[in-house]
Amino acid sequence: MKNLVNLWVIGVIVAVQSFSGNVQAQDARSEGAVLVAAGSLKTAMDEIIQTYRAQGGAVFNAKYGPSGKLRQEIEAGAIVDVFASASIEHTDVLAQKGLLGTTQIFTHNDLCVIGRPEFGLRENNVLDVLNKPSVRVATSTPVSDPMGDYTWQFFRNADKARPGFYALLDAKALKLSGANAPASGEKLPYITAFENDRADVYIMYCTNAVVTKKALPELDVVRIPDALNVRSAYGIAAGVRSKNGQDFVRFVMSPVAQQILKKHGFD
C-alpha cells in the first residue's frame, strides 16, 4: 500500500509539472516571437508582420531602434527570434559569434538631404548648401546607428571632390538621432528637428525623407548623387534555434514582403 501511495504522489507531481510546463509554453506563445529591427524599417516591417500574420504566420512583437544598440543588447544576452539591421555588418558579427543564424541582405537604402525651402536644394547644389558654415546640418549618430556611419562615409566621399568638406561637416554636424529610439507615440526626431528649429537640413535615409516630407510638405528633398552616395545593405537573421524566426526570414525574402519594402521606398 505504501508503494502504491508513493507511486500516486509521484504521478501527481509529474502531472503538475507537465501542466505547469504547458501553461508556461502557452504563455510564451501568447506573448509572441521577438523581432528587433532598425528604426528606419518600422513602417514597412509593421506591414510585413501584419501580412505574415494574416497568412497564418506566428505572432511577432517588434522593437525598433538604432541597429548598433540592438546588436549590443543581443551581445549582452537579449534573446530574439529575428534581427533586421540597417547594416549587414551587425548581423554578420552576431552570426559569427553564434548568436544568430546565417545572415542575408534583404533590402537597400540610399541617402537623401531634406531641407528648408529657402535654401533651394537641388542635386547640383547640395554640396554647396551643406558646405555653408552658417547652415545647420543634422545627422544621425555614428556607431549607434548605421545611418550615421553611412553619412560620415558620404562626407569622406565628398571630401575627394571638395577638399576640406569632411573636416567642416565632421565638426559642425548635429547628431540629433540614433543614440536612442523614440518613445512609443513620440514624433520622429527628423520631424521635431525642423519643428523646433534645431536644423536647416537633415541627412537621412531616403525612406525617412519620405516620411518627414509627408509630415512637413514644405521641405525640399534631394537624393545625394550616385557618385557620392552610400548605398546601405540591410541584413536579417533568425535566432539559431528559432523556427518562428527562420520562417519569418523566409517570408521577408519572398516577393510579397519585398513588394511591401519597395512600396515604402526601399530597393
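Laboratory data are not the source of any read-out in this text; all were calculated from the coordinates shown. Model, not experiment: these values are computed from the prediction. For neighbour counting, all protein chains shown are included, and Cβ atoms are generated from backbone atoms with ideal geometry for every residue, glycine included.
What to note about this one:
- Ranked by how many other Cβ atoms sit within 10 Å of their own Cβ, fewest first, the residues Glu73, Glu218 fall in the order Glu218, Glu73.
- For the chain, the antiparallel share of DSSP beta bridges with both residues in that region comes to about 55%.
- Debye intensity ratio in log₁₀ form over the Cα atoms of the stretch 121-174, taken at each q of 0.17, 0.20, 0.30, 0.32 Å⁻¹: -0.50, -0.69, -1.31, -1.36
- Our coupling estimate for the stretch 231-248, obtained by passing each phi through the Karplus curve with A = 6.51, B = -1.76, C = 1.60 and θ = phi - 60°, is 7, 8, 10, 8, x, 9, 7, 9, x, 4, 10, 9, 5, 4, x, 5, 5, 5 Hz, Gly and Pro reported as x.
- Coarse-grained scattering of the stretch 63-139 at q = 0.13, 0.16, 0.26 Å⁻¹, given as base-10 log I(q)/I(0) from a Debye sum over alpha-carbon atoms: -0.59, -0.69, -1.22
- The local environment of Val113, defined by Cβ-Cβ distances under 9 Å, has a net charge of 0 under the rule Lys, Arg +1 and Asp, Glu -1.
- Farthest positive-ward along the stretch 207-267 dipole, Cα basis, beta-carbon charges - from Pro255, Asn229, Leu219: Pro255
- Relative frequency of Cα-Cα separations exceeding 22 Å in the stretch 111-223, percent: 24
- Fewest-first sequence of Val143, Val230 by Cβ atoms within 10 Å of each Cβ: Val143, Val230
- Extents of the chain, largest first, come to 94, 35, 34 Å (Cα atoms, principal axes, whole angstrom).
- Order of Asp197, Asp149 under a 10 Å beta carbon neighbour criterion, fewest first: Asp197, Asp149
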